[in-house]
Amino acid sequence: MTALHSNARIAVIGAGAMGAGIAQVAAQAGHPVLLFDNRPGAAAQAIDGVDRQLGKRVEKGKLSSEARSATIACLQAVDAIEALAECELVIEAIVENLEVKRALFRQLESICGERCILASNTSSLSITSIAAQLSHPHRVLGLHFFNPAPIMALVEIVSGLASDPALAECLYDTAKAWGKKPVHTRSTPGFIVNRVARPFYAESLRLLQEGAADCPTLDALLREAGGFAMGAFELTDLIGHDVNYAVTCSVFDAYYGDPRFQPSLIQKELVDAGRLGRKSGQGFYSYAEGIERPQPASLSGEHAVESCVVEGDLGIANTLISRFRKHDIDVVQRDGQGLLRVGDAVLALSDGRMACQRANEDGLRNLILLDLAFDYGNASRIAISCAADMDPGAFKQGVALLQRAGLQVSLISDSPALAVLRTVAMLANEAADALLQGVASASDIDLAMCAGVNYPQGPLAWADAIGPSRILKVLENLHVSYGEERYRPSLLLRRRAAQGRTLHD
Ligand code: NAI
């Protein structure tokens with residue numbers, strides 16, 4: 001089956017933030033769209049709101065006034081749900097409550113023709129549950145847009161147990177025709193994005209709780225080393241802690257308390273205090289007028305460094321070699337175990353062990369561990385950690401090497417897998433488990449994380465670039481260090497590492 005024809009009539013139920021945005025998207029694609037809300041006047045108000053938004057784009061020269069008029073002409077507010085009888089697709093975007101949604105879908109069955117596809121924009125409820133007890137559960141699917149729907153490209157096409165695969169294909173093609181990036185997923189808690197993204201927040205919250213670094217430093221590391229658009233604290237301040245914490249709790253409960261999804265006490269305390277982020281004026285940061293965001297901690301530079309030695313293969317950090325040379329640092333290369341030496345310091349990419357542990361076990365005195373960077377050749381910041389008994393002179397030499405190459409250096413406490421590496425390893429682990437469990441394909445998981453939450457690279461492709469066996473080692477070491485099931489490696493990661501295959505194979 002191909003996409004719905006652009007003159008197919010579509011209905012959107014619920015004229016709130018999501019419903020209005022989805023109606024706009026469908027109208028922009030030329031569909032006649034009926035908008036219904038059980039709050040009198042809400043649908044008409046929402047269409048006025050869309051018109052105002054489009055008007056702003058016309059003023060900025062980003063949209064023609066003809067396109068604005070054409071979109072608005074496609075939108076019609078209706079007062080009675082019975083008016084939806086002739087629609088080919090109904091998209092529900094009402095309150096997030098299973099019983100209310102079920103009642104609505106039962107009502108729709110008696111109003112809409114048998115060929116009408118019934119879709120829900122739910123972000124946390126099971127499509128299988130919404131469809132259960134209906135006479136035709138095969139035509140119920142999830143069509144999960146992201147907020148704001150006209151801007152965010154990702155749409156998760158969610159299939160429940162009874163959903164017809166041909167209708168999932170139809171919605172996929174339709175979303176594509178609307179200019180979106182659709183992905184297929186099974187109806188499992190959190191679908192793709194709200195599940196796989198959990199560690200992004202959880203690992204920063206864990207590091208904060210352990211006093212590894214402060215919020216601005218951890219945020220700066222995820223941005224400036226990790227290549228993410230925002231750090232976890234600034235992002236959850238933007239999302240709202242009530243919303244973000246509720247999603248985490250819902251996924252945690254849905255997976256029967258799997259410690260991988262365990263909510264954070266720090267975030268709960270913010271919610272309890274009403275510090276919900278930007279919208280309440282205070283979250284991890286203050287948004288009061290005149291208050292500036294605190295700066296990330298960066299080490300100051302004192303030492304001059306002229307040369308270094310690279311022993312063996314630095315793996316994903318190999319681009320540091322050309323970066324050093326570009327900054328006139330002499331690099332001598334010789335065989336070895338993937339180490340960098342400068343003066344009395346030894347630098348190595350973290351393998352998930354703490355510096356104190358690795359220095360002892362591998363007999364490396366004056367070891368400085370390097371965190372992951374998305375692109376070592378261009379990153380502007382890097383995290384390091386070291387054992388407490390590190391020689392201060394050697395430490396300064398190691399730091400000076402990185403600074404001379406143009407990196408801001410943030411020292412964090414001696415934590416397993418530092419900040420970016422542990423975040424990416426845990427994202428890849430969750431993505432690998434979702435792949436193992438058939439939630440979605442590898443390419444759809446990666447696309448969802450790039451289009452839905454703007455990750456610089458899909459977590460599976462990122463793990464492949466680092467090496468599945470290296471990610472497995474990092475997770476095993478985290479697992480041993482904490483002794484917590486939260487860090488247990490996915491079976492798929494272990495299998496692919498043993499087979500010498502990538503996660504995208
Ligand atoms: P909202 O509260 O802004 O809007 C919901 C609208 O539905 C309201 O206008 C309300 O009057 C109407 N409504 C409630 N019960 C109704 C009923 N029985 N019949 C007709 N209209 C009814 O909610 P929002 O944020 O637009 O969310 C809607 C759905 O989209 C929820 O299922 C939510 O989980 C999901 N979602 C929300 C996202 C977000 O960021 N807000 C992102 C993705 C999905």
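The table for this structure:
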| quantity | calculated |
| --- | --- |
| Contact order normalised by residue count of the stretch 307-411, Cα under 8 Å, 6+ apart, percent | 27 percent |
| Cα shape, the stretch 403-490, gyration tensor, a/c 1.5 rule | oblate |
| Those lysines that a straight Cα-Cα span of less than 20 Å connects to K279, excepting residues fewer than 8 apart in one chain | K268 |
| Label-point separation, Q499 to S380 (7 Å along Cα→Cβ), nm | 4.2 nm |
| Most to least accessible of S264, S64 (protein chains only, probe 1.4 Å) | S64, S264 |
| Whole-angstrom gap from the stretch 401-430 to the stretch 147-199, using each part's C-alpha centre | 32 Å |
| Angle in degrees between helix 198-209 and the longest Cα principal axis of the chain, rounded to the nearest 10 | 50 degrees |
| Percent accessible area from carbon and sulfur atoms, the stretch 10-187, protein chains only, probe 1.4 Å | 51 percent |
| Cysteines without a disulfide-compatible partner [the chain; Cβ-Cβ under 4.7 Å] | C74, C87, C170, C215, C249, C308, C356, C386, C450 |
| Relative intensity, log₁₀ I(q)/I(0), of the stretch 10-187 from a Debye sum that treats every alpha carbon as a point, q = 0.12, 0.13, 0.14 Å⁻¹ | -0.50, -0.59, -0.69 |
| Rough spin-label spacing in nm, given labels placed 7 Å along Cα→Cβ, for S441 and D328 | 5.2 nm |
| Cα gyration tensor shape of the chain, rounded if a/c is under 1.5, else prolate or oblate by comparing a/b with b/c | prolate |
| Contact order relative to length of the stretch 195-280, as percent, for alpha carbon pairs under 8 angstrom and 6 or more apart | 32 percent |
| Solvent accessible area, Å² - L235, 1.4 Å probe, full protein context | 40 Å² |
| The chain - accessible surface per residue (Å², probe 1.4 Å) | 41 Å² |
| Reach of K326 by Cα under 26 Å, taken over lysines that are not fewer than 8 positions away in the same chain | K396 |
| Share of carbon and sulfur in the accessible heavy-atom surface of the stretch 195-280 [1.4 Å probe, %] | 55 percent |
| With every protein chain in place, the stretch 307-411: carbon and sulfur % of accessible area (1.4 Å) | 45 percent |
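The values are calculated or read from the model by the stated rules, or taken from the named source; none is laboratory data. As the structure is a prediction and not an experimental result, all values here were calculated from the model. Here the Cβ is made from the backbone with ideal geometry for all residues, glycine too, and neighbour counts use every protein chain on show. Each accessible area value is taken on the protein alone, full model and side chains, heavy atoms only, with ligands, DNA and RNA left out. Shrake-Rupley method; radii C 1.70, N 1.55, O 1.52, S 1.80 Å.
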